[in-house]
Amino acid sequence: MKRIPVVASFIICLLSFFTVQCQARETAWQFDVSDSTLVLPKKEMEKEAQVIASVLGRAHYRKTTLNDSLSSVILDNYLGMLDRSRVYFLEEDVNRFEKYRTKFDDYLKNGDLTAAYDIYNTFKKRFNERMQVADSLVKTDFDFSKDEYYESDRKDAPWAKSKAALDEEWRKIIKSQALSVKLADKNADEIRENLEKRYTRLRKAINQNKSSDVFQVYMNSYTESLDPHTSYFSPRTAENFKINMSQSLEGIGASLQQDGDFTKVNEVIAGGPAFKSKLIFKDDRIVGVAQGEEGEMVDVIGWRLDEVVQLIRGKKGTKVRLNLLRASDGANALPVEITLLRDKIKLEEQTPKKKLVPYTMNGKTYNLGVITIPSFYMDFDEAQKGNPNYGSTTRDVRKLIKELEADGMDGLVIDLTYNGGGSLTEAIELTGLFIPAGPVVQVRNADGSVDTGDDPDPALVYEGPLAVVINRFSASASEIFAGAIQDYKRGVIVGEQSFGKGTVQNLIDLDRVMKSDSKQGQLKLTLAKFYRVTGSSTQHRGVTPDIELPSEFSAEEFGESSSPAALPWDQIKSAKFKPMNTVSDKQLQKLRNQYQQRLKTDEDLKALVADIEEVKKIRSDSRVSLNLEKRKQEMEKLKEKRDKTGALKATEEDFELEDPQAENATEKEDPYLKETIRILAQLVAA
């Protein structure tokens, strides 16, 4: 295998080439320092801001110049992070901030934090004004028979011209929240108590924000103007991250992040309870947490992230109940309660699983193997100890293939749905089980150089019919494997367009870059991009299946393309490789034609398409009814459609897949896997 760059070494070498000249500067603060309610920057943050600007300017893949144009994006990002729904700032505030629009590039280079903290303190003032209004509104007895709506998608709404205009928006916000609580069978007193607790907690969380919290938000308004995977962690956030990574966590197996007043799922970790449940997904919002079977559901809207995490974590074997707003349900999302059994994230739960599925078609039964791969992993600890039997995705799949072949396997499905990636080396070596010697992936570095990752073993472990199933949540290493199988024409790719993450990040400890008496934060930045052997980037586009199944999600809603700052798709020179042509263009076209015919005649597929389109239609409406009866109707309609399309997310780890027309076919079968098996059977029979 040709050299794939070790990005950590690259960064250390790169930083040694330049010295960041940071002079602490006297800043004429525009604040009354005697006002204890204000949040003020610390002097050491000036130097840290300069270091971050210098490192990003020189080391980030994008090589974007910090100029007036980028400054404008930073301002918009910062306002969005503080007030995404535009319900705190007034138009007069935003107009006053316009004087900063083309200045943030200079401020960052000079370590001037005046503007950032001026904006934040204005936000804090407006926030507390809104909390006074909320205190009054939560005591209101709302008329839920009135036919009115609240527009929940306000990211592009005009800024309010007056406090009176904001009062009206907040009336609708509180009324909508009160209606949601009422629909959970709560009476007027319980509704009032619930909302009072929520806003007491929210007020406490914002007013407890420290200077480092503000600095982190401001720096991320800069980092996220470069790309969505570059970010800054304050010393406290970085330390909590280290603790969480070093401990054997007993929780649900999901990384969380703050999203305004909500706690959002950032990643579902393979091998954890959340992953195995198939009940909680990326971008879902957690609005309530309860302990055990009967514990009180605690409303966590407005809570600090670390407080929510502490509530969710717990001892192995104990249950936690979560109230979720599913991202897939859009603005009219209704709380869904799920129960998870806390457990450690076990390496063995990330290992591939096999099953042999008998599938009968035209009177003949085919034995089709299915290997489900949750993530691309390697047991680095055991490998470093010299254990010759250390666990890895490639080793485990090799073994499972041999076992399936011994059982009479006629064709193989590799299931990569919900596989968010993992080890690049494993993705390359796993591909090598199915292709002869040759390149698998190309990596373009920040300096423009290109390295290739080659199959290290020319031997083919499996030469039979192959299908790979992917979905919108298949990312990174999954896209490398699926893309290579497709480019070599080794197998047929089935499912949804994948996530489209084609970038490589590394973490830098800023203490290694600058000398300071105080602890510094960390910077995660993008250093390289992945490319397929054809030269096409996996960024944005990911992998488009040979046969695309009905999809509930669009690229604009979920995936890399949903971020306006994502690095663009591009193309480099193709690597030298020889397609295997195991699956010909003629065969693929025949399989597509057969699938298109089934879409017209198969009742299950027709119903699935119709239900998905209805859910997408419901989700596209960002208006929320404030009428009790209409809201109930929406609840029932959404619940009905969710139940019908719930099969898109398998709810059981083990299920039998028989002929879809057979009487014993179950409703809990995953239709993506079910259809992939049918397509593979047709490929085997061809």
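Stretched out straight at 0.36 nm per residue, the stretch from SER36 to ASP451 would grow longer than its current Cα-Cα span by 143.9 nm.
Relative contact order for the chain: what percent, with Cα pairs under 8 Å and sequence separation of 6 or more? It would help to have the intermediate numbers written out before the result.
Numbers: 1292 pairs, mean separation 93.6, N = 686.
Contact order relative to length: 14 percent.
A crude spin-label estimate for the pair ARG96 and LYS353, with each label 7 Å from Cα along the Cβ direction, gives 5.8 nm. Full extension of the chain between ASP585 and GLN384 gives 67.9 nm of extra length, using 0.36 nm per residue less the Cα-Cα distance. Near ILE74, once Lys and Arg are set to +1 and Asp and Glu to -1 for all other residues with Cβ below 11 Å from its Cβ, the sum equals -2. Between helix 43-59 and the chain there is an angle of about 30 degrees, using the helix long axis and the longest principal axis of the Cα atoms. The trypsin sites (Lys or Arg not before Pro) of the range 152-239 that meet both conditions, a loop assignment by DSSP and at most 14 other Cβ atoms within 10 Å of the site Cβ, are LYS155, LYS161, LYS210.
Relative to the longest principal axis of the Cα atoms of the chain, the long axis of helix 7-16 lies at roughly 40 degrees. Just checking my list (i) 44, 34, 22; (ii) 45, 38, 20; (iii) 50, 39, 21 against semi-axes √(5λ) of the Cα gyration tensor in Å computed from this structure; which label fits? Computing semi-axes √(5λ) of the Cα gyration tensor in Å and matching it to (i) 44, 34, 22; (ii) 45, 38, 20; (iii) 50, 39, 21 gives (i). The fewest-to-most ranking of GLU46, GLU293 by surrounding Cβ atoms within 10 Å reads GLU293, GLU46.
Positive end of the dipole of the range 549-597 (Cβ unit charges, origin at the Cα centre): among SER551, SER561, GLN571, the Cα lying farthest that way belongs to GLN571. Its relative contact order, with pairs defined as Cα atoms under 8 Å and 6+ residues apart, puts the range 359-447 at 38 percent. If only the Cβ of Lys and Arg carry +1 and only the Cβ of Asp and Glu carry -1, the dipole of the chain around its Cα centre is close to 1140 debye.
Seen from all sides and averaged, what is the projected area of the convex hull of the Cα atoms in the range 491-576, in nm²?
On the way: hull surface 34.0 nm².
The number I arrive at for the range 491-576 is 8.5 nm².
Residue separation of LYS600 and GLU294 scaled by 0.36 nm, minus their Cα-Cα distance, works out to 105.4 nm of gained length.
Output the direction-averaged projected area (hull surface divided by four) of the convex hull of the alpha-carbon atoms of the range 404-560, in nm². Display every interim value, and only then the final one.
Details: hull surface 48.3 nm².
The orientation-averaged projected area of the Cα hull of the range 404-560 comes to 12.1 nm².
For the range 287-375, the Kirkwood estimate of hydrodynamic radius, built from reciprocal distances between every pair of different alpha carbons, is 16.6 Å.
Once the Cβ-Cβ distance between LYS316 and SER136 is put in as r, and R0 is 41 Å, what FRET efficiency do you end up with, to the nearest 0.05?
Values: r = 45 Å, r/R0 = 1.10.
My answer for the efficiency is 0.35.
The angle between the Cα long axis of helix 163-182 and the longest principal axis of the Cα atoms of the chain comes to about 50 degrees, rounded to the nearest 10.
Using a ≥ b ≥ c from the Cα gyration tensor of the range 452-507 (square roots of the eigenvalues), is it rounded, prolate or oblate, where a/c under 1.5 gives rounded and otherwise the larger of a/b and b/c decides, a/b for prolate? Oblate, because a/c is 1.5 or more while a/b does not exceed b/c.
Using 1/(1 + (r/R0)^6) with R0 = 56 angstrom and r between the beta carbons of SER145 and LEU460, what's the FRET efficiency to the nearest 0.05? Don't jump to the answer; show the numbers that get you there.
Numbers: r = 70 Å, r/R0 = 1.24.
E between SER145 and LEU460, to the nearest 0.05, is 0.20.
We did not get these values from a lab; they are worked out from the coordinates using the rules stated. Computed from a predicted structure; not experimentally measured. Reconstructed Cβ throughout: ideal geometry from the backbone, glycine too, with neighbour counts over all protein chains shown.
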